[in-house]
Amino acid sequence: MALHNLEVGACGISPERLATADALPRRERLWYNAQRGENHARMFASARPMLLELQISDFAIIDRLHLRFDAGFNVLTGETGAGKSIIIDALGTLRGEKADPSFVRAGCPRARVEGVFSLEDCPRVLPLLQEYGLLDDSDEQVILTREISAETGRSVARVNRQAVSLSVLREIGGRLLDIHGQHEGLSLFNTRTHLDLLDRFGDLLALREQVADRVARVRALREELAELRRGEARRQQRIEELRYLLEDVRAARPRPEEESELLRERAVLQNAARITALANDVYAALYEGREGGRSAAPSVVEAMARVAANLEELARVDPTVTVMAGTASDLRYQLEDLAAAVRGYRLGLDVEPGRLEAVEDRLTVLRDLQRKYGGDLAQVLARAASAEAEIEQLTHSEEHIAALLQHEAAALAELAELAGDLSRRRRLVGDELARQIEQAMSDLAMPNVRFAVHVEHADDPDGVPLAGRRLACDRTGIDRVEFLIAPNPGEPLKPLAKIASGGESARLLLALKSILSRVDEVATLIFDEIDVGVGGRAGHVVGQRLWTIAENHQVLCITHLPQVAAFADAHFHIRKEIAGERTRTSVTCLDESQRIDELAAMLDGTPNEHSRANAREILMRAAHWKDRRQGQPPGARGGRRGSVAPVSSVSQQ
């Protein structure tokens, strides 16, 4: 089903014509709407919407939706379950929030959400886009896309059509959109959020980051000192071990290959008798033959000499054996050399008395050295070679500890100065925040509320030195901050988490958001039924606050209060329609008469003359207030236009 194409519908109405606007002729009403749009364009020429377009496909009950938003205060109203919060959920996926497979419309393979944002007034986003290579220099827009698969449950994130990780989408989307839900008031009960709110309001985050850097420096120094001190006993033990190693190695004076040489010598000494007998037999066979050479069997050398002589004589008769004769002659000389070598080896076998015992003793010394210090002999020698350098380093660790202590003292002094400055500024900022919140709560029909920012410190013997005390300090500084409130006169200030009601927390959250919006760099703020728990009498002031926030931001708001909707610059109505067996939801940007009927329905369920008259009165009051806010006479202020693109639909199975 196509959404209503209401490009001509202006979302605003003049107080003096309000009473009869729904009865204006069509041609006059269209001319009137166009005139108000021109007035608005002149008034807000410098205010450009940040979220330009939103396209949603197959998301939850949404079939297809294409919305175009304008700058200022955009309101979405409709019955419960019509699909208002689904649009907020879809926008949440563009901020990197969890994308559940249940978001995919039944029967569809995937859901898709795409948002087009202006970069004109988003300087914090440009560095991120440049850092991740996502900036298109030819375009002044950034497009965030999220697709969710029904089959796998996984999602794909894109920035300017390029796939990115979820963390990158979360970082970029978080600087473009900020969503405040109806349950966010619960965060006010968490005291850990109070410090962040205070620092944001006072623009103290940069100074806090400096404190965090110094805290990290002090912690790093202390960890290094602790490691050195924990190793003090081990250090002394290690020095002793190294000194014993050096003494033992110097006493033993081993050589790298000494052990293998001794093992070979021991093998010879252990078999000396057998080796001598074999050497004698070999020599005798080679050179001596039998004892005294008197045996009929000549020695090998003698036999070879005879063979060589015979072949030489034969070669003189038959030259063909000349080569054999030469070979025989060579063998003869080689055998003589061999015999001489064996003779020298045999003569060298004379064993010194006690030599074997000396070799065994030396091997024992070397093996004891290896067993004591581990590894083989080469490893022991390598450790000994590096022992002196290690001893030198270990003996100077006390000097290193002394130097680290000096660095720690200097870092603590610097941290104390920064943390003290941050704490003083927080107290001043806390007083101003309390004053502004009390004023805002008074505007929200709670004039007797007292609010205070309580700052306290905790002692810590290892903390930073300030004003004669040692104060605990973490990355946020020395302060423990908590918001205190006294809703009724005569009551003492008590922690906000203990006494604030639902309505009070909703109003307090709105007061904080309206105050913090002045320093909030996120361009588009989204409020999902933040007025829950607020009565009709305070609804008018809630609308004022939200419209005031829209002076510096683009605001999208889901509300059930007609008093809030009356302040809208663009009013979108979401409703369900039954066609056949399907339930479809349409989104319409309301014109004057439609807007009166919608506010009347919000007041009384079904529009009638009485509820329409009340709706006109509510719109007139809102228009007069906005005119006064702009310093213009009643009726002079124009309204901002919102538009819904053609060929857009929302459907529910």
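The values are calculated or read from the model by the stated rules, or taken from the named source; none is laboratory data. What you see is a predicted model; the values in this text were computed from it and never measured. Note that each Cβ is placed from the backbone with ideal geometry, even for glycine, and that neighbours are counted across all protein chains shown. Calculation scope for accessible area: heavy atoms of the full protein, side chains included, ligands and nucleic acids excluded. Shrake-Rupley method; radii C 1.70, N 1.55, O 1.52, S 1.80 Å.
Output the number of residues of segment 456-475 satisfying the condition of being part of a strand (DSSP E or B) and surrounded by fewer than 18 Cβ atoms within 10 Å (Cβ to Cβ). Number satisfying all stated conditions: 10. Assessment of segment 69-87 against the conditions (farther than 23 Å from Thr559 by Cβ and modelled with pLDDT under 90) yields no matching residue. Checked against the criteria, Leu225 counts as open to solvent by less than 40 Å² (accessible area, probe 1.4 Å), modelled with pLDDT of 85 or more and more than 30 Å from Gly354 (Cα to Cα). The residues of segment 325-349 that are open to solvent by 80 Å² or more (accessible area, probe 1.4 Å) and at pLDDT below 85, listed by number, are Arg343, Tyr345, Leu347.
Can you go through Val453, Val449 and tell me which one is over 30 Å from Leu246 (Cβ atoms) and modelled with pLDDT of 90 or more? Within the list Val453, Val449, the selection yields Val453. Considered as a group, the residues in segment 436-453 that are surrounded by fewer than 17 Cβ atoms within 10 Å (Cβ to Cβ) and free of Cβ contacts under 8 Å to residues at least 40 places away in the same chain include one that is nearest to Arg507 (Cα to Cα), and that residue is Ser442.
Looking at Ser85, Ser102, which is the one that is surrounded by fewer than 23 Cβ atoms within 10 Å (Cβ to Cβ), without any contact (Cβ under 8 Å) to a residue 60 or more places away in the chain and outside any loop (DSSP other than H, G, I, E, B)?
Numbers: Ser85 fails: without any contact (Cβ under 8 Å) to a residue 60 or more places away in the chain.
None of the others qualify; the one that does is Ser102.
Note on segment 481-537: residues that are farther than 28 Å from Leu54 by Cα, outside any helix (DSSP H, G or I) and either at pLDDT 75 or above or not small (Gly, Ala, Ser) (or both) total 16.
Pairs linking a residue in segment 375-390 that is under 11 Å from Leu246 (Cα atoms) to a residue that is surrounded by 12 or more Cβ atoms within 10 Å (Cβ to Cβ) and among the β-branched types (Val, Ile, Thr), with Cβ atoms under 8 Å and 6 or more positions apart or on different chains, are Val380/Val249; Leu381/Val249; Ala384/Val249.
State yes or no: is Leu433 closer than 30 Å to Gly539 by Cα and either touching a Pro at 6+ places or on another chain (Cβ under 7 Å) or crowded, with 18+ Cβ neighbours inside 10 Å (or both)? Yes; evaluated as a whole, the condition is true for this residue.
All of (1) part of a helix (DSSP H, G or I); (2) at pLDDT below 85 hold for Gln544 with one exception: (2).
Residues checked against (1) under 60 Å from the mean Cα position of the chain (by Cα); (2) part of a loop (DSSP other than H, G, I, E, B); (3) among the basic types (Lys, Arg); (4) under 30 Å from Lys372 (Cβ atoms):
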residue	(1), (2), (3), (4)
Asp248	yes, no, no, yes
Ser260	yes, no, no, yes
Tyr283	no, no, no, no
Tyr287	no, no, no, no
Arg306	no, no, yes, no
Thr322	no, no, no, no
Ala325	no, no, no, no
Ala328	no, no, no, no
